[in-house]
1. Return the equivalent ellipsoid semi-axes of region 27-151 as a descending list in whole Å, where each equals the square root of 5 times an eigenvalue of the C-alpha gyration tensor.
2. What percent does the relative contact order of region 27-151 come to when contacts are Cα pairs within less than 8 Å and at least six residues apart?
3. Could you give the size of the charge dipole of region 27-151 about its Cα centre, using +1 on the Cβ of each K and R and -1 on the Cβ of each D and E, expressed in debye and rounded to the nearest 20?
4. Output ³J(HN,Hα) for region 88-97: one whole-Hz value per residue in order, computed from phi by the Karplus curve 6.51 cos²θ - 1.76 cosθ + 1.60 with θ = phi - 60°, and x for Gly and Pro.
5. All other residues with a Cβ under 14 Å from the Cβ of residue 145 taken together, and with Lys, Arg as +1 and Asp, Glu as -1, what is their net charge?
6. If amide H atoms are built 1.01 Å from N in the plane of the peptide, which residues on other chains or at least 5 residues away come under 5 Å of the amide H of residue 36?
7. If you count, for each residue, the other Cβ atoms within 10 Å and average over each peptide, how do 134-140, 100-106 line up from highest to lowest?
Amino acid sequence: MISSTIRSIISSLAVVFCVALAQGQEVSKIEVTANDQMKFSLKRIEAQVGKTLEITVRNIGKLPKASMAHNFVILKPGSPLLIIAAKCHKAKEQNYMATDAETRAAVVASGKLLGPGESCVVRFTPQTSGDYPFLCTFPGHCTEMNGIIHVP
Ligand SMILES: [Cu+2]
């Protein structure tokens with residue numbers, strides 16, 4: 001009697017554990033392209049709390065990296081996008097990713113600076129709901145190359 005109760009508790013715990021495991025492994029994959037006209041192919045992306053979003057970022061342009069490169073930087077909701085962008089513009093030696101405390105605190109995920117034909121994968125698992133701004137930090141790009149990852 002007792003042992004069967006224990007067995008049923010253990011088996012229901014196992015089910016809960018497996019469901020949790022399956023949820024943790026859930027990944028949604030999307031692709032975002034960036035081009036020579038300073039445009040991302042998406043301005044708005046949907047994501048879910050606790051679910052990993054795997055974004056393949058592809059630079060489909062042809063212009064040389066020195067004059068037209070792109071990256072994909074995701075910020076916490078409410079981050080000062082223009083201030084972060086201005087700091088990154090000055091960080092040429094760091095591939096336009098500033099390393100000061102404010103920027104590091106604001107950035108939740110980012111990918112490398114992409115020249116023509118290059119791509120990278122940016123993984124992001126939102127922990128709270130909100131509108132997460134994303135941008136390209138190459139100088140002069142953020143006013144065109146920005147958008148929102150909406151997490152309801
Ligand atoms: Cu760009």
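Values in this text are rule-based calculations from the coordinates and carry no lab data. Here the structure is a predicted model, which is why all the values come from computation and not from measurement. Ideal geometry is used to build each Cβ from the backbone, glycine not excepted, and the neighbour counts take in all protein chains shown.
1. Numbers: eigenvalues 90, 61, 27 Å².
Computed over region 27-151, the values are 21, 17, 12 Å.
2. In percent, rounded to a whole number, it is 36.
3. Numbers: 15 positive and 10 negative charges, 23 e Å.
Value, rounded to 20: 100 debye.
4. Running phi through 6.51 cos²θ - 1.76 cosθ + 1.60 with θ = phi - 60° gives 5, 4, 7, 9, 4, 5, 9, 6, 6, 10 Hz.
5. Net of charged neighbours comes to +2.
6. The answer is 61, 62.
7. Highest to lowest by the protection proxy: 134-140, 100-106.
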